[in-house]
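The values are calculated or read from the model by the stated rules, or taken from the named source; none is laboratory data. Since this is a predicted model, take the numbers as computed values, not measurements. Cβ: placed from backbone, ideal geometry, glycine included. Neighbour counts: every protein chain shown.
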Amino acid sequence: MSSRALRHLTVVKKYSLTPNMLRIILGGDELASFPEGQESGYVKLCLPSNSLSGKSLKRSYTIRAFDSEALELTLDFVNHGDNGPASAWASSVQVGDKIMIDGPGAVKLVNMSADWFFIAGDMTALPAMSVNLEKLPSDAKGYAVIEVLSEADKQSIQVPANIEVHWVINPYPDQENTCLVDCVKKLSWLEGDVDVWVACEFEAMRHLRRYFKQERMVGRGQIYASSYWKMGETDEGNKAAKKRDTEADL
Ligand SMILES: Cc1cc2nc3c(=O)[nH]c(=O)nc-3n(C[C@H](O)[C@H](O)[C@H](O)COP(=O)(O)OP(=O)(O)OC[C@H]3O[C@@H](n4cnc5c(N)ncnc54)[C@H](O)[C@@H]3O)c2cc1C
């Protein structure tokens, strides 16, 4: 089996990490060929679709951890109710249930040689932000702005001393808001070459990308900005919006 492939796995552990974040650990022999060092990258869960085409629905989840000895892959799921197949699957699945995954896709790491770092995102990007923050050099400086649904959803993350962490509490991420953007804009700009990493809801991502590129003159090669979901749209709608947005942003 090649490193990027479809794999049949089993849910081996499931527990609440915080009130709105479920940790699900998948295991199975087919992980023997899973490549190491893919944390911050993603896999796609293949979920059954009700449509007549019978094609499965795919949903992206970040590789929070991979244990190549135990053959265990750790994914963290924001619980946003049973309005989406992935969120509904995560809340109802039980240890022993089977799931197929596709991937892994590309890792999403900051450029470690930058002078300073600006990392921002909502709860869907918390697994990827955590990996990035844990990998930063110990003398790294900058900011991490992290939006979560409640005070109790804050996680303890290993962060270099000079990375200032700002938690933004937003219990209604599916209603129009600018909390993440407002917090980012309030922070004073540092000297030197920055590396910006942003992942969150589509409109918030567009606001932040505009802010960094147009107001802070951050160059194309110094910013990763990705929409991880889109308010009022399924993942298929988010992908279509992302495609139009990328074409317009070229
Ligand atoms: C590269 C990548 C990595 C990702 N990693 C993670 C991860 O590690 N953990 C994680 O939880 N998510 C992650 N996401 C986001 C996740 O894929 C989306 O939230 C996805 O839409 C969930 O699918 P679903 O089937 O539950 O809902 P969908 O069928 O896609 O959507 C159904 C409804 O739910 C709404 N919705 C979707 N997500 C949210 C949300 N977070 N909050 C409120 N409403 C929502 C939609 O707007 C829509 O109205 C990642 C996305 C990408 C692109």
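For Ser40, the stated conditions hold: it is within 11 Å of the ligand (Cβ to nearest atom), farther than 15 Å from Leu9 by Cα and either touching a helix residue (DSSP H, G or I) at 6+ places or on another chain (Cβ under 8 Å) or part of a strand (DSSP E or B) (or both).
Residue by residue, here is whether (1) closer than 22 Å to Arg4 by Cβ; (2) of a type in the set (D, E, K, R) holds:
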residue: Cys46; (1), (2): yes, no
residue: Leu57; (1), (2): yes, no
residue: Tyr61; (1), (2): yes, no
residue: Phe66; (1), (2): yes, no
residue: Ala70; (1), (2): yes, no
residue: Thr74; (1), (2): yes, no
residue: Asp82; (1), (2): no, yes
residue: Ala90; (1), (2): no, no
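Only one of the numbered conditions (1) more than 13 Å from the ligand (Cβ to nearest atom); (2) within 30 Å of Glu191 (Cα to Cα); (3) surrounded by fewer than 20 Cβ atoms within 10 Å (Cβ to Cβ) is not met by Pro35, and that is (2). In this structure, is Val12 touching a Lys or Arg at 6+ places or on another chain (Cβ under 9 Å), touching a residue at least 60 places away in the same chain (Cβ under 8 Å) and either assigned to a loop (DSSP other than H, G, I, E, B) or not assigned by TED's automatic domain parsing to the domain that holds Ala128 (or both)? Here the answer is no, as Val12 does not meet what is asked. Of all the listed residues (Tyr224, Tyr228, Tyr211), the sole one being crowded, with 19+ Cβ neighbours inside 10 Å, within 22 Å of Leu109 (Cα to Cα) and among the hydroxyl-bearing types (Ser, Thr, Tyr) is Tyr228. Out of curiosity, is Ser188 within 17 Å of the chain's Cα centre (by Cα), in a loop (DSSP other than H, G, I, E, B) and free of Cβ contacts under 8 Å to residues at least 60 places away in the same chain? Answer is no for this residue. Selection over the range 75-102 of residues that are assigned to a strand (DSSP E or B) and either modelled with pLDDT under 95 or within 10 Å of the ligand (Cβ to nearest atom) (or both) gives a count of 4.
From Val107, Val145, Val159, grab the single residue that is out of contact with any Lys or Arg (no Cβ under 9 Å at 6 or more places or on another chain) and in a strand (DSSP E or B). Even if it seems obvious, please write down each step before you answer.
On the way: Val107 fails: in a strand (DSSP E or B); Val159 fails: in a strand (DSSP E or B).
Val145 is the lone residue from the list that is out of contact with any Lys or Arg (no Cβ under 9 Å at 6 or more places or on another chain) and in a strand (DSSP E or B).
The residue of the range 49-74 that is surrounded by the fewest Cβ atoms within 10 Å (Cβ to Cβ), among those that are free of Cβ contacts under 8 Å to residues at least 24 places away in the same chain and within 13 Å of the ligand (Cβ to nearest atom), is Asn50. Is it fair to say Lys141 is within 20 Å of the chain's Cα centre (by Cα), basic (Lys, Arg) and outside the structural domain of His80 (by TED's automatic domain parsing)? So Lys141 does not fit the description; no. Going through the range 191-218 one residue at a time, which ones are assigned to a helix (DSSP H, G or I) and among the aliphatic types (A, V, I, L, M)? The answer is Ala204, Met205, Leu208. In this entry, Ala144 is excluded by the filter for residues that are of a type outside the set (Ser, Thr, Tyr), surrounded by fewer than 17 Cβ atoms within 10 Å (Cβ to Cβ) and out of contact with any Gly (no Cβ under 7 Å at 6 or more places or on another chain).
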